[in-house]
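> Just dropping this structure here.
The values are calculated or read from the model by the stated rules, or taken from the named source; none is laboratory data. This one's a predicted model, so the numbers in the text were calculated from it and none came from an experiment. Note that we place each Cβ from the backbone using ideal geometry, even for glycine, and neighbour counts take in every protein chain shown. For the accessible areas, the whole protein counts, side chains as well, though only heavy atoms, and no ligand, DNA or RNA atoms are used. Shrake-Rupley method; radii C 1.70, N 1.55, O 1.52, S 1.80 Å.
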Amino acid sequence: MVVSDATPLIYLARIGRIQLLKSIFQRIQVPNEVKVEVVGRGKEKNYPDAYVIEEAFNEGWITLGSLTRKNEKKASILIEAAGIDLGEAEAILLARQKGEENILIDQAHARTVARQFGLKSKGTLYMILVSARRGILSKEDAKEDLSRLVEANFRISTKVYDTALKIIEKL
């Protein structure tokens, strides 16, 4: 089981690929704030991806993980000290609390903080590349998914985008 922040869930849901998470990890766990972000606030704004993610919770392969009281307090400190948001802080601390090696997180600064906590950060692009490498997605589907991410306002530099396309082509 891997712990995830909000962004990979949101963007994979937006491009119709949230099932990639289930295919690769079987189960995903998120802290409370991430569920509030992706389902609660998303539904308030009537975002279609919020309903897709809620269905994954209902199916039971995305679950809620609880932080210890000590880690809840640490999350508040981490927000101030590291300049990341509550969902990112809770996800990092939940992954550590559970003894996980990896975390699904996209924002560059939060990835740096995760590394400082000894975690290996993976993100939305990783999910597409691994899915293509394992044959879950065809090369063409993976390339199309990269384009769809950009269309869905996923923040990615031209250099990273080009590198991802080259990796897909070499598979």
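> Considering only region 44-80, state which residues are closer than 26 Å to residue 152 by Cβ and in contact with a Pro (Cβ under 9 Å, 6 or more places away or on another chain).
Once the filter is applied, which keeps residues that are closer than 26 Å to residue 152 by Cβ and in contact with a Pro (Cβ under 9 Å, 6 or more places away or on another chain), region 44-80 yields only 64.
> Quick check on region 127-138. Is at least one of its residues in contact (Cβ under 8 Å) with a residue 24 or more places away in the chain, closer than 24 Å to residue 37 by Cβ and either touching a Gly at 6+ places or on another chain (Cβ under 9 Å) or surrounded by fewer than 16 Cβ atoms within 10 Å (Cβ to Cβ) (or both)?
Checked against the condition, which is being in contact (Cβ under 8 Å) with a residue 24 or more places away in the chain, closer than 24 Å to residue 37 by Cβ and either touching a Gly at 6+ places or on another chain (Cβ under 9 Å) or surrounded by fewer than 16 Cβ atoms within 10 Å (Cβ to Cβ) (or both), region 127-138 yields no hits at all.
> Quick one: which of 115, 96 is over 14 Å from residue 20 (Cβ atoms) and surrounded by fewer than 17 Cβ atoms within 10 Å (Cβ to Cβ)? Spell out how you get there, then give the answer.
Details: 96 fails: surrounded by fewer than 17 Cβ atoms within 10 Å (Cβ to Cβ).
Residue meeting the stated conditions: 115.
> Could you pull out the residue among 93, 64 that is in contact with a Leu (Cβ under 7 Å, 6 or more places away or on another chain) and touching a residue at least 12 places away in the same chain (Cβ under 8 Å)?
Values: 64 fails: in contact with a Leu (Cβ under 7 Å, 6 or more places away or on another chain).
Unique residue meeting the criteria: 93.
> Within the bounds of region 125-135, is there any residue that is in a helix (DSSP H, G or I), in contact with a helix residue (DSSP H, G or I) (Cβ under 7 Å, 6 or more places away or on another chain) and hydroxyl-bearing (Ser, Thr, Tyr)?
Filtering region 125-135 down to residues in a helix (DSSP H, G or I) leaves 125-133.
Restricting the remaining residues to those that are in contact with a helix residue (DSSP H, G or I) (Cβ under 7 Å, 6 or more places away or on another chain) gives 125, 127-132.
Subsequent filtering for residues that are hydroxyl-bearing (Ser, Thr, Tyr) retains 131.
Taking every residue of region 125-135 in turn, at least one turns out to be in a helix (DSSP H, G or I), in contact with a helix residue (DSSP H, G or I) (Cβ under 7 Å, 6 or more places away or on another chain) and hydroxyl-bearing (Ser, Thr, Tyr).
> Could you tell me whether residue 150 is farther than 23 Å from residue 19 by Cα and open to solvent by 60 Å² or more (accessible area, probe 1.4 Å)? Please lay out each step first, then the result.
Numbers: farther than 23 Å from residue 19 by Cα: no; open to solvent by 60 Å² or more (accessible area, probe 1.4 Å): yes.
It is false that residue 150 is farther than 23 Å from residue 19 by Cα and open to solvent by 60 Å² or more (accessible area, probe 1.4 Å).
> Take the residues of region 153-170 that are surrounded by 10 or more Cβ atoms within 10 Å (Cβ to Cβ) and among the hydroxyl-bearing types (Ser, Thr, Tyr): which is nearest to the chain's Cα centre (by Cα)? Outline the logic, then answer.
Filtering region 153-170 for residues surrounded by 10 or more Cβ atoms within 10 Å (Cβ to Cβ) gives 154-156, 160-165, 167-169.
Retained after the next criterion (residues that are among the hydroxyl-bearing types (Ser, Thr, Tyr)): 161, 163.
Working: 161: 18, 163: 20 Å.
Looking at residues that are surrounded by 10 or more Cβ atoms within 10 Å (Cβ to Cβ) and among the hydroxyl-bearing types (Ser, Thr, Tyr), I get 161.
> I need every pair where a residue in region 146-171 that is modelled with pLDDT under 95 has its Cβ under 9 Å from the Cβ of a residue that is surrounded by 12 or more Cβ atoms within 10 Å (Cβ to Cβ) and in a loop (DSSP other than H, G, I, E, B), sequence separation at least 6 or different chains.
These pairs meet every condition: 155/106; 155/107.
> Mind counting the residues in region 2-46 that are under 21 Å from residue 75 (Cα atoms) and open to solvent by 60 Å² or more (accessible area, probe 1.4 Å)?
The qualifying residues number 3.
> Which residue pairs have Cβ atoms under 7 Å apart, sit 6 or more places apart or on different chains, and have a first residue in region 1-29 that is under 15 Å from residue 148 (Cα atoms) and a second that is open to solvent by 20 Å² or more (accessible area, probe 1.4 Å) and in a helix (DSSP H, G or I)?
Sorted first by the residue in region 1-29, then by its partner, the pairs are 13/52; 15/148; 18/52.
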